[in-house]
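Here's the structure we're looking at; comments come further down.
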Amino acid sequence: DSSFLRFHESDCDIGGSSSCESILSLNTEKILSQAKFLAEQKRFPFATDNDNTNEELAIAYVLIGNSLYDEAIRHFSTMLQEEPELVSAIYGRGIAYGKKGLHDMKNAELALFELSRVISLEPDHPEVFEQRAEILSPLGRISEALSDLTKAIQLQPSARLYRHRGTLYFISEDYAAAHEDFQRSLELNKNQPIAMLYKGLTFFHRGLLKEAIESFKEALKQRADFIDAYKSLGQAYRELGNFDAATESFHKALLLNQNHVQTLQLKGMMLYHHGSLDEALKNFKRCLQLEPYNEVCQYMKGLSHVAMGQFYEGIKAQTKVMLNDPLPGQKASPEYLKVKYLREYSRYLHAHLDTPLTEYNTDTDLPGNFKDHWAKNLPFLIENYEEQPGLQPHIKDVLFQNFESYKSDVQELICVADHLGSMMQYETPGFLPNKRIHRAMGLATLEVMQAVQRTWANSKVRMNGKTRLMQWRDMFDIAVKWRRIADPDQPVLWLDQMPARSLSRGFNNHINLIRGQVINMRYLEYFEKILHFIKDRILVYHGANNPKGLLEVREALEKVHKVEDLLPIMKFNSKTRDGFTVNTKVPSLKDQGKEYDGFTITITGDKVGNILFSVETQTTEERTQLYHAEIDALYKDLTAKGKILILSAELGEVDAVCNLILSLVYYFYNLMPLSRGSRLV
């Protein structure tokens with residue numbers, strides 16, 4: 001949508017009626033008649049007062065309009081030999097170089113040189129700055145392009161210029177500035193579905209999903225067949241966790257174009273994370289028919305097959321992703337980085353498919369370095385790694401089971417599991433319900449219950465190939481195994497079973513709550529609580545280290561209602577000027593008065609005002625041992641009280657047991673002992 005050649009109204013619709021001659025056989029007469037019309041109307045940039053000059057210039061502009069760039073350049077050059085400062089010819093030659101193609105650096109440099117000359121001769125023309133920005137931005141010189149567009153806007157603001165600049169801010173990930181520009185553009189011309197879509201995307205990328213949804217709907221009011229708006233609307237609903245609304249939007253996008261690859265890919269991803277593997281697979285297969293080298297669809301196809309127990313198809317698809325090596329200097333895709341782990345883990349699962357889960361232990365079977373690299377999402381560069389065995393033909397794939405084919409007692413068990421699992425769904429925006437995970441964790445709950453019941457009745461359990469009295473880790477391990485089966489994509493591993501070297505360094509469990517302009521809406525519910533907690537800690541800190549300034553700090557804190565407003569207050573103290581951390585403490589029940597490290601809240605800011613607000617748990621060997629001692633004592637107590645409970649019907653005993661269970665979970669949660677999945681476990 002360039003400002004250039006808006007004047008060119010050819011009657012000839014290219015590829016249209018046969019009465020139009022092919023553009024390349026344009027006869028001189030036709031060029032001259034078009035040029036005469038342009039010259040009379042002065043419908044080209046920087047027309048002069050001389051009719052003959054205008055006619056000559058118009059000829060060259062008609063040549064550009066008909067894609068004859070070299071001829072146009074020659075024509076302008078001849079004119080410039082006679083009149084070196086003829087602005088229209090300098091401008092036209094710059095345009096022709098740009099249109100010849102920026103893939104050749106020489107064209108780009110010549111185009112920029114000519115346009116800069118025009119600006120030095122005629123500094124008050126916004127279209128020249130815009131034209132130069134259009135050449136700078138594809139070359140990656142975004143900040144220069146932005147300053148050109150800003151200059152053009154100062155000279156003569158327009159909806160198009162604001163939209164153009166907004167798009168560049170968007171590419172630079174400055175979503176707040178982009179939003180402002182799209183908003184201004186829409187104020188000047190409200191009927192712009194593309195600007196409205198981009199305005200929605202500036203909300204989406206900052207985690208403001210409800211606002212994004214409103215903008216996407218607005219774009220669809222302006223243009224009912226806008227596939228990208230339906231696709232974006234579907235993705236926003238998915239991020240919000242609203243499966244039905246997302247499904248409807250993706251469906252509408254595919255009604256408009258059933259071959260829209262991006263929509264098929266996004267819909268497939270959503271279905272996988274909703275636990276509808278069959279349906280997801282159909283979307284990935286369709287996506288690959290249209291785009292055989294689509295790495296995301298290929299990876300997800302392999303993952304879906306393996307999750308359903310179809311190992312031959314799954315590993316075949318994974319191998320295709322592995323063969324897609326990035327070119328030298330090209331960044332490897334996330335799928336390419338993950339696929340080797342998935343393939344090795346899929347082979348491991350297949351080798352153990354006919355072995356009962358009680359007879360093997362993934363945490364001790366998989367090599368330490370493999371687990372360490374996988375959990376940390378590092379590239380697969382593992383020294384002396386021995387691959388898992390290939391597929392054994394005597395081990396058959398899992399057969400698909402129909403619910404109706406199960407006996408009634410099994411059906412009842414599944415229904416109870418579904419109900420229990422659904423109670424684990426967070427009722428906050430940002431969590432898509434996953435019925436497969438719900439069912440797995442519901443079944444885990446029933447198995448934990450059965451194992452605990454046996455333990456309290458003094459029976460042994462079968463775990464990791466041994467028969468023994470159940471320890472607390474065995475109990476948690478039941479749930480860990482179910483969580484692992486539910487989604488083979490994620491490494492659900494005990495961190496204290498990692499190699500000694502990586503344990504001594506510690507494992508970081510890190511969540512960004514606000515990063516720059518991006519808000520993690522999943523945890524919005526916690527912002528208020530964390531803010532109160534930090535305010536209390538700041539007062540304690542200043543009470544101890546700065547008693548004189550305490551009143552001033554207290555007054556300043558009363559005006560703080562958002563986490564972002566905390567940084568200026570910390571500037572009172574040189575140590576905390578650029579940011580600060582606050583640690584939570586977890587009190588010991590075993591040793592009264594003792595406290596353990598909980599998690600760390602970090603808030604830092606840069607000069608521009610971007611903040612990083614995050615929480616992380618640092619799992620080290622020493623910290624793990626302290627928590628284990630606490631959990632050991634609680635579990636011992638729980639087992640003793642559980643044995644009494646089984647023999648008595650006193651309600652007081654029930655209360656004591658419930659409290660011990662909650663305490664056990666409290667320490668497990670604060671310890672964060674798994675690489676993934678601690679919450680569901």
Scattering profile of the stretch 490-558 from the Debye formula, Cα beads only, expressed as log10 I(q)/I(0) at q = 0.15, 0.17 Å⁻¹, is -0.79, -0.85
Using the Kirkwood radius over Cα pairs of the stretch 204-300, the Stokes-Einstein translational diffusion coefficient at 4 °C and 1.567 mPa s, in µm²/s and rounded to a whole number, is 96 µm²/s
In whole percents, the bins of 10 Å from zero upward hold the Cα-Cα pairs of the stretch 191-258 as 26, 55, 18, 0
Residue-ordered couplings for the stretch 510-525, obtained by feeding phi - 60° into the Karplus form 6.51 cos²θ - 1.76 cosθ + 1.60 and rounding to whole Hz (Gly and Pro as x), are 10, 10, 7, 8, 9, 10, x, 9, 9, 9, 8, 5, 4, 10, 3, 4
Under 5 Å from the placed amide H of THR428, counting only residues 5+ away or on other chains, we find none
Taking the reciprocal of mean 1/r across every pair of different Cα atoms in the stretch 445-533, the Kirkwood radius in Å is 16.8 Å
Nearest-0.05 FRET efficiency for GLN392 and LYS435 at R0 = 56 Å, using Cβ-Cβ distance, is 0.95
Kirkwood Rh over alpha-carbon pairs of the stretch 344-426 plugged into Stokes-Einstein at 10 °C, 1.306 mPa s gives a D in µm²/s of 97 µm²/s
Ignoring GluC sites (Glu not before Pro) buried by more than 13 other Cβ within 10 Å or outside DSSP loops, the longest site-free run in the chain is 428-649
For VAL615, VAL398, the accessible-area ranking with a 1.4 Å probe, largest leading, is VAL398, VAL615
Length gained if GLU248 through GLU85 is fully extended, taking 0.36 nm per residue and subtracting the Cα-Cα distance, is 52.7 nm
Using alpha carbon centers only, the stretch 279-342 is separated from the stretch 144-219 by a whole-angstrom value of 35 Å
Here FRET efficiency (C-beta to C-beta, ALA640 to THR358, R₀ 30 Å, nearest 0.05) is 0.75
Bounding extents of the stretch 410-449 in its principal axis frame from Cα atoms, largest first in Å, are 33, 18, 12
Of every hundred units of 1.4 Å-probe accessible area on the chain, the number belonging to carbon and sulfur atoms, as a percent, is 52 percent
Residue-ordered couplings for the stretch 345-355, obtained by feeding phi - 60° into the Karplus form 6.51 cos²θ - 1.76 cosθ + 1.60 and rounding to whole Hz (Gly and Pro as x), are 5, 5, 5, 4, 4, 5, 4, 9, 4, 9, 9
Treating only Lys and Arg (+1) and Asp and Glu (-1) as charged, each at its beta carbon, one finds that the chain has a dipole about its Cα centre, in Debye to the nearest 20, of 2140 debye
What helix-only [θ] at 222 nm does the chain give? Using -39500 (n - 2.57) per DSSP H run of at least 4, over all residues, to the nearest 500, the answer is -19000 deg cm²/dmol
Placing one equal point scatterer on each C-alpha of the stretch 508-618 and summing with Debye, one gets log10 I(q)/I(0) at q = 0.10, 0.18, 0.20 Å⁻¹ equal to -0.32, -0.98, -1.16
Note to self: Kirkwood Rh of the stretch 71-160, Cα pairs, one decimal, Å, is 13.3 Å
In Å², rounded to a whole number, the accessible area per residue of the stretch 191-258 with probe 1.4 Å is 44 Å²
Correct semi-axes for the stretch 116-173, from √(5λ) of the alpha-carbon gyration tensor and rounded to whole Å with the largest first, are 18, 14, 7
Long-range share for the stretch 274-320, i.e. C-alpha pairs more than 14 Å apart as a percent of all pairs, stands at 42 percent
Given the candidates PHE182, LEU102, GLN258, the one whose Cα lies deepest towards the positive end of the charge dipole of the chain, counting +1 at each Lys or Arg C-beta and -1 at each Asp or Glu C-beta, is GLN258
For the stretch 365-442, listing trypsin sites (Lys or Arg not before Pro) in a DSSP loop whose Cβ sees at most 11 other Cβ atoms within 10 Å gives LYS407
With R₀ set to 35 angstrom, the calculated FRET efficiency between the beta-carbons of THR600 and GLU404, to the nearest 0.05, is 0.10
For the stretch 191-258, averaging the sequence separation of alpha carbon pairs under 8 Å that lie six or more residues apart and dividing by its residue count, the contact order in percent is 27 percent
Unit-weight point scatterers at every alpha-carbon of the chain, Debye formula, q = 0.06, 0.11 1/Å: log10 I(q)/I(0) is -0.52, -1.29
For TRP456, TRP482, TRP472, the accessible-area ranking with a 1.4 Å probe, largest leading, is TRP482, TRP456, TRP472
The stretch 348-391 and the stretch 580-594 have their Cα centres apart by a whole-number Å value of 36 Å
dims of the stretch 402-502, Cα set, principal axes, largest to smallest, nearest Å -> 42, 37, 25
Neighbours of ILE603 by Cβ distance under 11 Å: Lys/Arg at +1, Asp/Glu at -1, summed charge -3
Links exceeding 19 Å between C-alpha atoms in this model, out of LYS285/LYS316; LYS231/LYS267; LYS376/LYS466; LYS535/LYS607; LYS99/LYS151, come to LYS376/LYS466; LYS535/LYS607; LYS99/LYS151
Once all protein chains are kept in place, SER663 shows an accessible area at probe 1.4 Å, nearest 10 Å², of 30 Å²
Computed about the Cα centre, the charge dipole of the stretch 402-502 from +1 Lys/Arg and -1 Asp/Glu charges at the Cβ has a magnitude in debye, to the nearest 20, of 520 debye
Rounded to the nearest 10 Å², the accessible area of SER304 using a 1.4 Å probe with every protein chain kept is 0 Å²
Heavy-atom accessible area of CYS415, protein chains in place, probe 1.4 angstrom, given in Å² to nearest 10, is 70 Å²
Simple SL model, points at 7 angstrom along Cα→Cβ for SER77 and LEU378; separation in nm is 5.7 nm
Given unit charges at Cβ for Lys, Arg (+) and Asp, Glu (-), the dipole magnitude of the stretch 191-258 about its Cα centre in debye, nearest 20, is 120 debye
In Å², rounded to a whole number, the accessible area per residue of the stretch 478-591 with probe 1.4 Å is 56 Å²
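The values are calculated or read from the model by the stated rules, or taken from the named source; none is laboratory data. Small disclaimer: the values here were computed from a predicted structure and weren't measured. When we count neighbours, we look across all protein chains shown, and the Cβ atoms used for this are built from the backbone with ideal geometry, even at glycine. Quick note on the areas: whole protein, heavy atoms, side chains included, nothing else; ligands and nucleic acids left out. Shrake-Rupley method; radii C 1.70, N 1.55, O 1.52, S 1.80 Å.
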